[in-house]
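Take a look at the structure below.
The values are calculated or read from the model by the stated rules, or taken from the named source; none is laboratory data. Keep in mind that this is a model prediction, so the values were computed, not measured. Here the Cβ positions follow ideal geometry from the backbone for every residue, glycine too, while neighbour counts run over all protein chains shown. Keep in mind that these areas ignore ligands, DNA and RNA; they rest on the heavy atoms of the full protein, side chains included. Shrake-Rupley method; radii C 1.70, N 1.55, O 1.52, S 1.80 Å.
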Amino acid sequence: MIKKTVFCLWALLVMAPLEVYADAGRARCQNWQAERQLLFGDLHVHTKYSLDASTQGTRTSPADAYRFARGGSLPVQPWLPSGEALRHLKLERPLDFAAVTDHAELLGEREICLDAEQQGYSSWQCRLYREWPRAAFFLFNTQAARAKRLGFCGDDGEYCRQQGSAAWQDIRRAAESAYDRSEDCRFTSFVAYEWTGAAQNLANLHRNIIFRNEHVPSLPLSFIDAPSAAQLWDGLDQRCGPASSLKDCEVLVIPHNSNLSDGYMFALNDDGTALSRRREAQRARLERVVEIMQHKGSSECFYDPLQTEDELCGFEQLPYGSFRSKFLGKVSPMLSEPPGERSGFLREVLRDGMAYAQRDEEGRNPLAVGFIGSSDTHISAAGAVSESQFLGHGGAGVPAGDSMPSGLPDDLEFNPGGLAAVWAEENSRDAIFDALQRREVYATSGPRIGMRLFAAADLPEDMCERSDFSAIGYRSGVPMGGELVVEQGVAPVFAVMAAMDVGSDRQAGLPLQKLQIIKGSVGADGQRSERVFDIAHSGKQASVDLASCQTRGAGAAQLCAVWRDPDFDPDGRHYYYARAVENPRCRWSQQVCVAASVDCSKPDAVAPEYQACCRADHRRQIRERAWSSPVWVQAAGA
C-alpha cells in the first residue's frame, strides 16, 4: 500500500505532547513546543586546539567557531604577517546548535610547543612542530595513535596531561559563553571533545564525547589514558554520572567514520560471559547514535558496482578503508587497500546487532544506533557544508602557506560534510541531548531537508493529508529511533514525509527526487538480507549540465507515503530507515573545476593544481540526501 502526496511544510512541526522539563539555571524557551520542532546542528568541529588543525594553519578558537555557527564571520587561513586572514567565511543560515570537539590527545603538547616559558618548548619535537608542521603532524599523531606520549612529557606523561588544562578550560568557557540561556533560546552549545582511538593496525576508532551540561570532568579522557573503547566507557562512567563525584554529569559517545575502521569500530565481544554482557549493555547505553556522514565520507553502505544492487551506496564512498591506506596511497597507489563489505559500513553493523540480539538470552541489541551527520571541519567552520562555498576542511595536516591557495581546496575524495537534525521540544541542552538519547534524530549530507518517520501496527491511509500527521504517529506507534513489537500476523506500517531544503536568499535549494525505505533483516536461521523500496517519487525528470553546473528539470517540494511491508517475516528481526534523495547537482569539486574553466579534452593545458578535475575517479555530480534513524521491528514472541 503506497499513498503519495504533497503535504504542508508546517506539518513537519506538528508533534505530540511529551514530558516537560527545564535546563537547570535557565528559563524555559519562549518557543517551547509540547509538540517537537526541527533543529539543525554540527556536533563535530575542530579548532586551533586540535594538533592536526594547528599544523595546517588553523588559528581560530572555540569562541570563533561558535560565533561562526551563530552567523558571524570566520577568518580562514592563510594569514598575513600582521595576523590578518586572507579568506573569510560566513554561513548563509546560522545553526541551531553545535559542539566543538577538539582532540583530547596532544592538547598539552601543543600548548607546550607554543609557550616559550615551558620546559619542553626547546625539545626537538617542539622545534619540529614550529618549523616543519607537516612532519610534526605525522610524528605527533603516530605517537598518539599508539597511545604513547612524546619524550618531553616525562615517563608518566603527567606534564603534558596537566598542560592540556588551559585549552580544556577555554573550550568549556567558550561553550558556556555561546549557550543562550535566555528565553529566546537562539543557540545551544555543548561541552565536548574527541577521543581519537586507533586499532593495532591504526584503523579508525574515533568517537566524539558530548556532555549534557556544564558539569564535566576536570580533564578530557584521551586515547593515551584509555587506549580502548571499553576503557573509555569505564573511564567515563567513573568520572561522569551517578557512580562519580559529578552526580549531575551525563555523557553520550558518538562514533564516526566507521568506513575507515577496517571493521574494528563495532567489533562485539560475544563470548557469553557476564563481563561481555555488561560491556555490550554499557555500549548500548552510551553509544546511542553514530555519525553516518561527514567530511571523510559516508558510512551508510558498501558499494561494489559488480555486486551491489543499491547504486546510491556509492555516494561519497572513499577509495580506501583506513587512514593507513590513505597515507600509504600517497606514496604509491599499490599500497592502498580499498574498502570492503565488512569494513564497518552501517547497514551491516545494524544486522550484526540484530544477530547478537537473537543469540542473547535477554534479546539485547548493543548496536541499535541512530544516525546523525556533521562536518568534522578542522578550520572551526561549524556547519560549513555547502557544495558551492567549500574552502576545504583540512585535517590532513597540510600547511596553508602564506598566499591564497589555488586549485582544489581539499583532497578530491573528501566532501563538505553533513548536518545533525534533531526533533526536540525546544532549543536547549536537555531537549537536544534527550533527542539524541532516544535516537529521534537524522542525518543530512548538507542540505536542510525536513524528514519524519513513524512506525506502527496500523496507521490511517490518508495520514499524509491529515494536519495531525505527527500526533497520529506518536499516538499510534513510534518515531524514528524507536523499537516496535507487532502482534503475530501483523506487518508494520510506516508513515514517512520529507520536505526539500528551500535554501537561502543567495541560493535556492533543490527539489526532491524520491523517498525510499531501506529494510535490513536477520532471519531466525541467521540469514541476512536487505531491500530498498521506492515509496514515493516526484515523477519528474531532472539533470545537471556538468559543463556549466546548471540544474535542469523539476522535482517535488514535498513527498509523503504510508507504506506497509509486503514481505514481513514474523520470525526474524528487522530494521527500517528512510532515505530522501534530491535532484542531481554538481559536486563541490566540479564546481571548482568549472569556475576555473578546466577543459579535460586538452590535458596539456590543465594546470597541475587542477589535474584532479580530469581524474577517472572524479565524481562530478551528486544527489544530496537525508537518512532517518532506523526503527527496529519484531513480532511478539520472535
task = Determine if the stretch 11-26 includes at least one residue that is at pLDDT below 95, in contact with a Pro (Cβ under 8 Å, 6 or more places away or on another chain), under 30 Å from Val478 (Cα atoms) and open to solvent by 20 Å² or more (accessible area, probe 1.4 Å).
result = no
task = Go through the stretch 573-582 and give me each residue that's farther than 17 Å from Leu346 by Cβ and either open to solvent by 10 Å² or more (accessible area, probe 1.4 Å) or touching a helix residue (DSSP H, G or I) at 6+ places or on another chain (Cβ under 8 Å) (or both).
result = Val581
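May I ask you to verify whether Val331 is of a type in the set (Val, Ile, Thr) and closer than 30 Å to Ser529 by Cβ? Write out each step before concluding.
Working: of a type in the set (Val, Ile, Thr): yes; closer than 30 Å to Ser529 by Cβ: no.
Here the answer is no, as Val331 does not meet what is asked.
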query = Got a sec? Which of Arg67, Arg59 is open to solvent by 20 Å² or more (accessible area, probe 1.4 Å), in contact with a strand residue (DSSP E or B) (Cβ under 9 Å, 6 or more places away or on another chain), in a loop (DSSP other than H, G, I, E, B) and modelled with pLDDT of 95 or more?
reply = Arg59
query = What are the residues in the stretch 76-121 that are small (Gly, Ala, Ser), over 21 Å from the mean Cα position of the chain (by Cα) and within 20 Å of Asp156 (Cα to Cα), if any?
reply = Gly108, Gly120
request  = Scan the stretch 384-400 and give yes if some residue there is in contact (Cβ under 8 Å) with a residue 12 or more places away in the chain, under 17 Å from Pro94 (Cβ atoms) and either aliphatic (A, V, I, L, M) or open to solvent by less than 10 Å² (accessible area, probe 1.4 Å) (or both), otherwise no.
outcome  = yes
inquiry  = Can you tell me which of (1) touching a residue at least 60 places away in the same chain (Cβ under 8 Å); (2) open to solvent by 60 Å² or more (accessible area, probe 1.4 Å); (3) in a loop (DSSP other than H, G, I, E, B); (4) polar (S, T, N, Q) is the one Ser182 doesn't meet?
reply    = (2)
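Return a yes/no flag: does the stretch 511-529 have any residue that is farther than 28 Å from Ala636 by Cα, in a strand (DSSP E or B), in contact (Cβ under 8 Å) with a residue 40 or more places away in the chain and basic (Lys, Arg).
First pass over the stretch 511-529, keeping only residues farther than 28 Å from Ala636 by Cα: 511-515.
Now narrow it down to the ones that are in a strand (DSSP E or B): 512-515.
Narrowing the set further to residues that are in contact (Cβ under 8 Å) with a residue 40 or more places away in the chain leaves 512-515.
Right, trim to basic (Lys, Arg) and you get 514.
Within the stretch 511-529, one or more residues are farther than 28 Å from Ala636 by Cα, in a strand (DSSP E or B), in contact (Cβ under 8 Å) with a residue 40 or more places away in the chain and basic (Lys, Arg).
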message = Conditions first: (1) within 25 Å of Glu300 (Cβ to Cβ); (2) in contact (Cβ under 8 Å) with a residue 40 or more places away in the chain. Ala547 passes all but one, so which condition is the exception?
response = (1)
key: Candidate set from the stretch 200-228 (those that are in contact with a Gly (Cβ under 9 Å, 6 or more places away or on another chain), more than 21 Å from Gly108 (Cβ to Cβ) and open to solvent by less than 20 Å² (accessible area, probe 1.4 Å)); member that is modelled with the highest pLDDT   = Asn204
inquiry  = Looking at the stretch 158-169, I want the residues that are in contact (Cβ under 8 Å) with a residue 12 or more places away in the chain and have a partner that is of a type in the set (Lys, Arg) and open to solvent by less than 60 Å² (accessible area, probe 1.4 Å) with Cβ atoms under 7 Å, at least 6 apart or on another chain. Which pairs are those?
reply    = Cys160/Arg149
